[in-house]
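Below you'll find the structure, written out as structure tokens, and then a few comments.
The values are calculated or read from the model by the stated rules, or taken from the named source; none is laboratory data. Predicted, not measured: the structure shown is a model, and the values here were computed from it. Cβ placement follows ideal geometry from the backbone for every residue including glycine, while neighbour counts extend to all protein chains displayed.
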Amino acid sequence: MSTASMTLFHSPTSPYVRKVMVLLHETGQQNRVALQDSKLTPITPDVALIQDNPLGKIPALRLADGQVLYDSRVILDYLDQQHVGNPLIPREGSARWRRLTLAALADGILDAAVLVRYEQFLRAPELQWQPWLEGQREKIRRALAVLEAEAIAELASHFDVAAISVACALGYLDLRHPDLEWRQQQPQLAAWYFEVSQRPSMLETRPPL
Ligand code: 99T
């Protein structure tokens, strides 16, 4: 019998959803959440989802009492307070702000990568705005360069909100933007990512090719 008391609006290709799924696996909570598949883009919204999240974005998490949480950062914070193991988001002190800032850097990579994806996938080629696309790619390159130069030891120290967010961002670059060839400029990040990709939480949430 299912023990799921919450419903997660889900897509196997969404890296934001993947962050939630990885945290659920890492904290042993995956059976508490039922998945509701949501196929959507900004121009083809999911009507059922909009009832719960007016922004029409996933992930959104419906709790047992009917309350709905979004976005991924809020959901991670909530779920991290629902288990008895070590917190994956430090509750206080400078570690909290550093780890959340690294997670925000990873989310910024994702935001730029998803915008590029939508521009390339949804808009007619002759209408695509190349300087804007290049501006988004530059954000990704700059953020990756900072991770390579400043954050490898921190990422390797433990698999928490920062590491989960960076790992899901790199997984999304591989899925949608292999042309960026991010490993060429970031060999240490590539080695770290290779290692964390073997974790059960990462293997079980791999996006379909
Ligand atoms: O923008 C839309 O209308 C639909 N897009 C989404 O719901 C994307 C799916 S990634 N999710 C977000 O943009 C969530 C961002 C939010 N800040 C969060 O939750 O952290 C789908 C990418 C793909 O399939 O390629």
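Values as computed for the structure displayed
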item	result
Neighbours by Cβ (under 8 Å, 6+ apart or cross-chain): first from the range 173-189, free of Cβ contacts under 8 Å to residues at least 60 places away in the same chain and closer than 19 Å to Ala156 by Cβ; second of a type in the set (Phe, Trp, Tyr) and in a helix (DSSP H, G or I)	Leu189/Trp182
Restricting the range 153-203 to residues that are of a type in the set (D, E, K, R) and in contact with a helix residue (DSSP H, G or I) (Cβ under 9 Å, 6 or more places away or on another chain), the residue that is surrounded by the most Cβ atoms within 10 Å (Cβ to Cβ)	Asp160
Test result for Leu35, in a strand (DSSP E or B), touching a strand residue (DSSP E or B) at 6+ places or on another chain (Cβ under 7 Å) and modelled with pLDDT of 95 or more	yes
Hits in the range 38-61 - residues which are in a loop (DSSP other than H, G, I, E, B), near the ligand (Cβ under 9 Å from one of its atoms) and free of Cβ contacts under 8 Å to residues at least 60 places away in the same chain	Ser38, Leu40, Pro45, Asp46, Asn53, Leu55, Gly56, Lys57, Ile58, Pro59
Residues located in the range 171-209, provided they are in contact with a Pro (Cβ under 7 Å, 6 or more places away or on another chain) and not in a helix (DSSP H, G or I)	Pro207, Pro208
Output for the range 122-172, where each listed residue is without any contact (Cβ under 8 Å) to a residue 12 or more places away in the chain, hydrophobic (A, V, I, L, M, F, W, C) and either within 15 Å of the ligand (Cβ to nearest atom) or farther than 26 Å from Ile89 by Cα (or both)	Ala124, Leu127, Trp129
Options Val68, Val84, Val20, Val74; residue that is over 16 Å from the mean Cα position of the chain (by Cα) and within 14 Å of the ligand (Cβ to nearest atom)	Val68
Residue under evaluation Glu119, criteria (1) surrounded by 18 or more Cβ atoms within 10 Å (Cβ to Cβ); (2) within 16 Å of the ligand (Cβ to nearest atom), criterion not met	(1)
Top-ranked residue in the range 1-17 [being crowded, with 17+ Cβ neighbours inside 10 Å and over 18 Å from Asp160 (Cβ atoms); ranked as nearest to the ligand (Cβ to nearest atom)]	Ser14
